[in-house]
Each structure stands twice: as structure tokens, then as C-alpha cells.
1. Listed here are the pairs Lys79/Lys109; Lys50/Lys109; Lys55/Lys91; which of them are more than 21 Å apart at the Cα?
2. Whose amide H sits under 5 Å from the amide H of Arg198, counting only residues 5 or more places off or on another chain, with H placed in the peptide plane?
3. Specify which residue in the list Ile51, Ile12, Gly39 is farthest towards the positive end of the charge dipole of segment 12-70, using unit charges on the beta carbon of Lys, Arg (+1) and Asp, Glu (-1), about the Cα centre.
4. Just to confirm a number: summing +1 for Lys and Arg and -1 for Asp and Glu over residues other than Glu20 whose beta-carbon lies under 12 angstrom from that of Glu20, what do you get?
5. I'd like the projected area of the chain, averaged over all directions, using the convex hull of its alpha carbons. Report it in nm² with one decimal.
6. Using a Gaussian network for the chain with springs between C-alpha atoms less than 10 Å apart, which of these wobbles most: Ser194, Ser34, Ser72?
7. Over the chain, what relative contact order in percent results from Cα pairs under 8 Å that are six or more residues apart?
8. What are the ³J(HN,Hα) couplings of segment 35-48, residue after residue, when phi is run through the Karplus curve with 6.51, -1.76, 1.60 and θ = phi - 60°? Round to Hz, x for glycine and proline.
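Each value in this text was obtained by applying a stated rule to the coordinates, not by laboratory testing. Worth saying up front: this structure is predicted, and the values here are computed from it rather than measured. FYI the Cβ positions are ideal-geometry reconstructions off the backbone, even for glycines, and counts take in every protein chain you see.
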Amino acid sequence: MLLRINPDKIVIEDILRAVEILKNDGVIVYPTDSVYAMGCSSNSPKAIEKICRIKRTTPEKINLSLVCADLSQLSQYAKPLPNNIFRLMKKALPGPYTFILQAANNIPKMFLRQNKKTIGIRVPDNTICREIITQLGFPLVSTSLHNEDDEITEYFTDPEMIYNQYETIADAVIDGGYGNIYVTTILDCTEDESVVIREGLGSLDVLN
């Protein structure tokens, strides 16, 4: 299914169609403020396993991030943050950043990054995905369409090309316009000070 949603004039019925797919263990391809991503409800172990099959890997090996509508959902998934890290996140988000945080003790193992007790958190500056998460009531478990060694071209940014590739793989592809060709900036905030793991679309000026 191809769902076209205008980010400047969102029709709630279209958002709810995507939400219904997610509630029924579906997997969607959706726009963010960087490249398009593949995601499912964090409340659906079956859909998380489906994403792993699509990516031909296992929950222990895949890099999954939790994509939230805002920072209010953090307390369920991450340990309490030092004040300086919380201020940094408030300054940077919503935006094209992935924050690596210490995972809460009760978080399911499949959410952890490479079997470490850490988790990647995103709050994209994209109205479509944030509205989907708000209506769903749970964060999205998300992974990039591309692999680490892939060159990001139109194949990963043009929703029509994405749909042609994923129409029989994902339950829905959301066309929210062209995606970005740049990945997120990754900041490791598991210690008292943040460390830049990867510089991407997000400016490092937020660290100053």
C-alpha cells in the first residue's frame, strides 16, 4: 500500500490508516527528517521480528532505534539522564540526531543495541512520523532502509522508487515527499559527557 501524506496539510484519516497497520503487527516505510526509515510499533514483537527478517539479521545484531514523538516517552526506555544530557536533548530535539542512552532495566532485550545495555533514541523533526507515533501511543522501533556501507542515493530518498522496491515487503510505504540524503548525527550520551559517534545532518553546534 502506498499512502501519500502532505506534511504541510496532514489528513488525520491517512495517519489513522498507518496507525491501524501498525496496531495489526504491520511494518511501514516512513519519512523522517533524514533518510526514509522502516519501522513498526514498539508494542509488537511479531513486527520487530519481521523487520529483522526483512533486513536478514537477528534482533541481537540489528541496530534498532526507538523513535518517539517527544521526550516525555523517554522515562519508560532510558535510565534517568544527567541534567547536562537532558538539556542537550531538549536543545537538539526534534531534529536529525540519534542519542545513545543507558537503557532502563526493564526494557526488552530485543531493543538493546548489539546486546549492550544501551538504546538509540530519536525524535525526528517530521510532522508525519511524530503524528503517527502520537496516535499510535507507542514509539516506533525503527531501522534505516540502507546498510552502513550503502551509498545513499535516490533509491533511498525518492518515495516512488522506495515503493517500487518495498511494495511487497512492507505493509505500507508512506510518501511524505523526498527524503534527505544525509543520515542522522549520532551522539553517545551513556556517560556524563556526550561523544560524537557519527557526524551527519545534525549540527554539532548543539554541543556548544
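1. Where the Cα-Cα span goes over 21 Å, the pairs concerned are Lys55/Lys91.
2. Ile186
3. Ile51
4. Value of the local net charge: -2.
5. Details: hull surface 42.0 nm².
For the chain, the mean projected area of the Cα convex hull comes to 10.5 nm².
6. It is Ser72.
7. After rounding, I find 32 percent.
8. 7, 4, 10, 10, x, 8, 5, 5, 9, 10, x, 4, 6, 4
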